[in-house]
1. Relative to the longest principal Cα axis of the chain, at what angle does helix 273-283 sit, 0 to 90 degrees, rounded to 10?
2. If contacts are Cα pairs under 8 angstrom and at least 6 residues apart, what is the relative contact order of the stretch 77-197 in percent?
3. When 293, 321 are ordered from fewest to most other Cβ atoms inside 10 Å of their Cβ, what list results?
4. Quantify how much of the Cα-Cα distance distribution of the stretch 61-117 extends past 15 Å, in percent.
5. Considering the values (i) 76, 49, 31; (ii) 63, 46, 38; (iii) 64, 39, 36, which represents Cα extents along the principal axes in Å as calculated for the structure under consideration?
6. Rounded to the nearest 5, what % of the DSSP beta bridges within the chain are antiparallel ones?
7. According to a simple spin-label model (label point 7 Å from Cα along Cα-to-Cβ), what is the distance in nm between residue 279 and residue 194?
8. Please find the FRET efficiency linking residue 29 to residue 257, where r is the Cβ-Cβ separation and R0 is fixed at 45 Å, and quote it to the nearest 0.05.
């Protein structure tokens, strides 16, 4: 049984490193997981890497198996897929998803891992946490049959929401982004694409995920009377400016926040966190989600990868991190 592992740490804002970790002996209700893949949640993790988490959000932003504290040094991340090497018999040898930071192997409680369905490739399963966010969002503001819906911001979360919206009967979905390269992703997801200047208006629901003031303003401007903007963006410590003049009051427009830290109120009495994550993994059986994985690097390259993602020199939706030659 391996007792040594390696983990990615943010040593200081803008500087990451790989550190050795000595693993404890797993207890009777714990599992030892050997990582195969992890995913970089680009929006959140680049904010963490840059040291841009505001002090007021340190507790709310804490990941389930985070070590250290913001701004640094901190071990952060929450999209890990691996194989159970030791633990309860029903889990040994199974591929599982865990909300764990980037680490080559780890010991966690057995109930902290969720089996990946055989219909879902292990690499695609790193998207489970992001698709779970999209599920929660559509519990917060579900579209009605035939609705006109726009998603502003074609990042990981926005694309995941668009992919799920495309499954709703009669719902017409448009994905809006400043990057014309996202048109190919939209086509793969089965939704329309538009640059900001060409976006359709009169929308019943707009999901905002661009993490920019301009994107939020456009989301409001695209709404039909009594429409809703569902705000999914995480801005860190950046101020947000938006105009609430014009049609905001006369049109009785709504801005509603959604955050994955709690199960949406509409399902809180009937669904647990585990139920929500299991549903996300079931939905990932659809190969359309492969369009969200736009690059891969070895674990040893992760410090440089996060530096480049944060600087914007490495474009990506979900960047896949591989372990042990995967």
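Just so it is clear, none of the values below were taken in a lab; they were calculated from the coordinates. Note that the coordinates shown come from a computational prediction; the quantities given were computed from them, not determined experimentally. Neighbour counts are summed over all protein chains in view; Cβ atoms, including those assigned to glycine, are modelled from backbone coordinates with ideal geometry.
1. Between the helix axis and the principal axis of the chain, the angle is about 80 degrees.
2. 17 percent.
3. Going from least to most buried by this count: 293, 321.
4. Tail of P(r) above 15 Å: 46 percent of Cα pairs.
5. Only one option fits the structure, namely (iii).
6. Antiparallel bridges make up about 55 percent of those DSSP assigns within the chain.
7. Between residue 194 and residue 279, the simple spin-label model gives 2.9 nm.
8. That gives a FRET efficiency of 0.80.
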